[in-house]
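Let me begin by presenting the structure, written as structure tokens, before commenting on it.
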Amino acid sequence: MDMIICKIQSTIVVVVAVAVKVVVVVVVVVVVVVVVVAVVVVVIVVVVVILVVVVKVVVVVKIKVVVVVVVEVVVLVVVVVVVVVVVVVAVVVTVVVVVVVVEVVFVFEVALTL
């Protein structure tokens, strides 16, 4: 009888541990996606604002077109680099957090089964 109760308890513990693992992974992924989307939106808004300002400056001051094109290209390159870096960092952080959580939960499960 004690063995059955022990087995049931260990099964419950494993199920809870797996559920916690899944919830943590889902939360981490959602947070990372939200952060990446927010950063991309901010970057796009900044680019649009900068381009609008540059266009207004061109219209008002009539700067040479070459200067404007160079400024736009530089801005776009910087934006693309920033977005790529943010996405890469987000993915790396997600992977690291997921791996750490999985390892911790695994160690927890092993410790409980001993």
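What distance in nm lies between label points placed 7 Å from Cα along the C-beta direction at VAL104 and VAL26?
1.9
Which residues does a label at VAL83 reach in region 30-47, if reach means a backbone N under 14 Å from a point 7 Å past the Cα toward the Cβ?
Under cut-off, by backbone N: 36-47.
None of the figures in this text is laboratory data; all of them are computed from the coordinates on show. This one's a predicted model, so the numbers in the text were calculated from it and none came from an experiment. With ideal geometry, Cβ positions are generated from the backbone for all residues, glycine too; neighbour counts draw on all protein chains shown.
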